[in-house]
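A.B. asks: This is the structure, below, for whatever I ask next.
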Amino acid sequence: MAKKGSKGISMIETFQEFKETKNIDRTTLVSVLEESFRNVIAKLFGSDHNFDVIVNPDKGDFEIHRNRIVVADGNVQDENKEIALSEAQKIEPDYEVGEEVSEEVDFQKFGRRAILNLRQTLASKILELEHDSLYNKYKDKTGQIVSAEVYQMWKREVLLIDDEGNELHLPKQEQIPTDNYHKGETIRAIVKEVLNENNKPRIILSRTSTQFLERLLEAEVPEIQDGLITIRRIARMPGERAKVAVESYDDRIDPVGACVGVKGSRVHGIVREMCNENIDVINYSNNTQLFIQRALSPAKITSITLNPEEHKAEVYLQPEEVSLAIGKGGLNIKLASMLTEYTIDVFRVVSENEADEDIYLEEFADEIDQWIVDSIKAIGLDTAKQVINAPREMLIEKADLEEETVDHVLEVLKAEFE
């Protein structure tokens, strides 16, 4: 039996510490220790088949026994597997040729190199086991929210540490633009993916994922946890605004009201968690026209023309509703398109009298360059009134024109009708 305090024992104690912090089960612990000893023995003697390794991690000790066959003096061909009769009888006087001798081996006597080899082997196994444990732990948590402490902040990512000291990574593109981190603070994020680069796990977190918002809602709204309300779709512009489409199969439950809570009580904490990202909750519908109408809220729609094959929708509104539909910076219409999975074009409603007085764009060739006319016509606008009634943001984005160019075109066209 090896003595407490020997170099071999200290290695086992190190492994015991690892077991306590990494929650390694006893069977795996014994297996790794035994395999490490056997690897060193095999390198020393060419084989470990005739050795018995007994590890007791609970007591922090181990035993190594070598088994050899007794042969007649002068007939020893393999000193690792055979022992001369005279040598065997020094251990026990009644040994005879052909019997097996089991002899305890003092690992310390294998020398410093063997002990160093064992340490390196054990360290390698521990690291491998640690990586496997970390990978499996977080692989099972993919799509779940975790809390971790900010450890270091770099330009491209934030390094976080969980309560077991594991490193988690929050890349720049997974951070809400208005996030502001401080070392030592605890933040929440979703486990987006777990990579295994050269057998070294890399846990990627996200705060911009739609799943992050989904999990926050699930935690805050009991009816979602109970399956009474289903989140059908989510569209996010992280840190700015989000739209959530919900549905209930129980007529007694108002899904929107349940998600928002009394005076916004349920959604308030989520908004704060996501850096004041506004959340619009709407009722989902299989009726595409109705769903688009709800998605463009608070704007009131006059009529919608759908092209299901190309997933396009032309939405017509009264002039005073257009800016509401588009939203600040085009945010409302972008989110509505993301939520409904339809490309939405917004148009002002034009009266019959106005339409009769319309003029084709070619008539303005003296004041507007032909390539600009072609760019506008390419998005389906052929007349002056159509361009005037189209949202300015749409002309800039869809026709791919500079703001100054669009403003000049609108100025020329409007002057014609003043």
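The values are calculated or read from the model by the stated rules, or taken from the named source; none is laboratory data. Keep in mind the model is a prediction, meaning the values are calculated, not measured. Counting neighbours? That spans all protein chains shown, and the Cβs are built from the backbone with ideal geometry, glycine included. Surface areas here come from the heavy atoms of the whole protein model, side chains and all, with no ligands, DNA or RNA. Shrake-Rupley method; radii C 1.70, N 1.55, O 1.52, S 1.80 Å.
A.B. asks: Just checking, how many residues over segment 100-143 are in contact with a strand residue (DSSP E or B) (Cβ under 6 Å, 6 or more places away or on another chain), over 30 Å from Ala84 (Cβ atoms) and polar (S, T, N, Q)?
C.D. replies: 1
A.B. asks: Just to be sure before I move on: is Ile145 of a type in the set (Val, Ile, Thr), in contact with a helix residue (DSSP H, G or I) (Cβ under 8 Å, 6 or more places away or on another chain) and open to solvent by 30 Å² or more (accessible area, probe 1.4 Å) in the structure I sent? Spell out how you get there, then give the answer.
C.D. replies: Numbers: of a type in the set (Val, Ile, Thr): yes; in contact with a helix residue (DSSP H, G or I) (Cβ under 8 Å, 6 or more places away or on another chain): yes; open to solvent by 30 Å² or more (accessible area, probe 1.4 Å): yes.
Here the answer is yes, as Ile145 does meet what is asked.
A.B. asks: Hey, another quick one. Taking Glu341 as the residue in question, decide whether it is open to solvent by 20 Å² or more (accessible area, probe 1.4 Å), among the charged types (D, E, K, R) and at positive phi.
C.D. replies: On the way: open to solvent by 20 Å² or more (accessible area, probe 1.4 Å): yes; among the charged types (D, E, K, R): yes; at positive phi: yes.
Judged against the criteria, Glu341 is a match.
A.B. asks: What are the pairs with Cβ atoms under 9 angstrom where one residue, in segment 80-106, is at positive phi and the other, located anywhere, is open to solvent by less than 50 Å² (accessible area, probe 1.4 Å) and in a strand (DSSP E or B)? Sequence gap at least six, or different chains.
C.D. replies: Once the first residue is at positive phi and sits in segment 80-106, its partners that are open to solvent by less than 50 Å² (accessible area, probe 1.4 Å) and in a strand (DSSP E or B) give Gly98/Val70; Gly98/Val71.
A.B. asks: Still on this structure, please answer the following. Within segment 383-402, is even one residue surrounded by fewer than 13 Cβ atoms within 10 Å (Cβ to Cβ) and in a helix (DSSP H, G or I)?
C.D. replies: From segment 383-402, those surrounded by fewer than 13 Cβ atoms within 10 Å (Cβ to Cβ) are 400, 402; that's our starting set.
Right, trim to in a helix (DSSP H, G or I) and you get none.
Looking for residues that are surrounded by fewer than 13 Cβ atoms within 10 Å (Cβ to Cβ) and in a helix (DSSP H, G or I), one finds none in segment 383-402, hence no.
A.B. asks: Continuing with the same structure: Filter segment 234-257 for residues that are out of contact with any Lys or Arg (no Cβ under 8 Å at 6 or more places or on another chain) and among the hydrophobic types (A, V, I, L, M, F, W, C) and give the result.
C.D. replies: If the condition is that a residue be out of contact with any Lys or Arg (no Cβ under 8 Å at 6 or more places or on another chain) and among the hydrophobic types (A, V, I, L, M, F, W, C), then Ile253, Val256 are the ones that fit.
A.B. asks: Out of Val315, Val349, I need the residue that is closer than 30 Å to Ile176 by Cβ and either touching a residue at least 24 places away in the same chain (Cβ under 8 Å) or surrounded by fewer than 16 Cβ atoms within 10 Å (Cβ to Cβ) (or both). Which one? Working first, answer last.
C.D. replies: Working: Val349 fails: closer than 30 Å to Ile176 by Cβ.
Result: Val315 is the single residue among Val315, Val349 that is closer than 30 Å to Ile176 by Cβ and either touching a residue at least 24 places away in the same chain (Cβ under 8 Å) or surrounded by fewer than 16 Cβ atoms within 10 Å (Cβ to Cβ) (or both).
A.B. asks: With surrounded by 15 or more Cβ atoms within 10 Å (Cβ to Cβ) and among the β-branched types (Val, Ile, Thr) as the only criterion, which of Val101, Val97 stands out?
C.D. replies: On the way: Val97 fails: surrounded by 15 or more Cβ atoms within 10 Å (Cβ to Cβ).
Step by step, each of Val101, Val97 is checked, and only Val101 is surrounded by 15 or more Cβ atoms within 10 Å (Cβ to Cβ) and among the β-branched types (Val, Ile, Thr).
A.B. asks: I'm told Glu320 meets every condition in (1) surrounded by 12 or more Cβ atoms within 10 Å (Cβ to Cβ); (2) within 25 Å of Glu403 (Cα to Cα) except one. Can you identify the failing condition by its number?
C.D. replies: It is condition (1) that Glu320 fails.
A.B. asks: Search segment 271-308 for residues being within 27 Å of Glu174 (Cβ to Cβ) and of a type in the set (D, E, K, R), and hand back the single one that is most open to solvent (accessible area, probe 1.4 Å).
C.D. replies: Arg272
A.B. asks: Go through segment 179-209 and report how many residues are open to solvent by 60 Å² or more (accessible area, probe 1.4 Å) and farther than 14 Å from Val158 by Cα.
C.D. replies: 7
A.B. asks: Next up: Could you go through segment 144-151 and let me know if any residue there is hydrophobic (A, V, I, L, M, F, W, C), farther than 30 Å from Arg207 by Cβ and in contact with a Lys or Arg (Cβ under 8 Å, 6 or more places away or on another chain). Lay out the reasoning, then the answer.
C.D. replies: Of the residues in segment 144-151, the ones hydrophobic (A, V, I, L, M, F, W, C) are 145-146, 148, 150.
Subsequent filtering for residues that are farther than 30 Å from Arg207 by Cβ retains none.
No, segment 144-151 contains no residue that is hydrophobic (A, V, I, L, M, F, W, C), farther than 30 Å from Arg207 by Cβ and in contact with a Lys or Arg (Cβ under 8 Å, 6 or more places away or on another chain).
A.B. asks: Sticking with this structure for a sec: Find the residue count for segment 261-270, including only residues that are open to solvent by 30 Å² or more (accessible area, probe 1.4 Å) and more than 26 Å from the chain's Cα centre (by Cα).
C.D. replies: Within segment 261-270, residues that are open to solvent by 30 Å² or more (accessible area, probe 1.4 Å) and more than 26 Å from the chain's Cα centre (by Cα) number 3.
A.B. asks: Would you confirm whether or not segment 36-45 contains a residue that is modelled with pLDDT of 70 or more and over 45 Å from the mean Cα position of the chain (by Cα)? Please lay out each step first, then the result.
C.D. replies: Within segment 36-45, the subset modelled with pLDDT of 70 or more is 36-45.
Checking the rest, the ones that are also over 45 Å from the mean Cα position of the chain (by Cα) come to 44-45.
The answer is yes, given that some residue of segment 36-45 is modelled with pLDDT of 70 or more and over 45 Å from the mean Cα position of the chain (by Cα).
A.B. asks: Restricting to segment 124-136, and then to whatever is surrounded by 14 or more Cβ atoms within 10 Å (Cβ to Cβ) and touching a residue at least 12 places away in the same chain (Cβ under 8 Å), can you tell me which residue is nearest to the chain's Cα centre (by Cα)? Break it down stepwise before answering.
C.D. replies: Initial filter on segment 124-136 (surrounded by 14 or more Cβ atoms within 10 Å (Cβ to Cβ)): 125-126, 129-135.
Filter once more, keeping what is touching a residue at least 12 places away in the same chain (Cβ under 8 Å): 125-126, 129-131, 133-135.
Values: Lys125: 28, Ile126: 26, Leu129: 23, Glu130: 21, His131: 18, Ser133: 18, Leu134: 15, Tyr135: 13 Å.
Ranking the candidates gives Tyr135 first.
A.B. asks: Give me the pairs: first residue in segment 265-287 and farther than 22 Å from Ile333 by Cβ and free of Cβ contacts under 8 Å to residues at least 24 places away in the same chain, second residue surrounded by 14 or more Cβ atoms within 10 Å (Cβ to Cβ) and not β-branched (Val, Ile, Thr), beta-carbon distance under 8 Å, and six or more apart or on different chains, which are they?
C.D. replies: His268/Gly261
A.B. asks: Could you count how many residues in segment 244-255 are crowded, with 18+ Cβ neighbours inside 10 Å and either farther than 21 Å from Gly227 by Cα or among the hydrophobic types (A, V, I, L, M, F, W, C) (or both)?
C.D. replies: Number of matching residues: 3.
A.B. asks: Within segment 337-369, work out how many residues are among the polar types (S, T, N, Q), in a helix (DSSP H, G or I) and modelled with pLDDT of 90 or more. Give the derivation first.
C.D. replies: Here is the first cut: in segment 337-369, the ones among the polar types (S, T, N, Q) are 337, 340, 343, 351, 353.
Narrowing further to those that are in a helix (DSSP H, G or I): 337, 340, 353.
Checking which are modelled with pLDDT of 90 or more leaves us with 337, 340.
Qualifying residue count, segment 337-369: 2.
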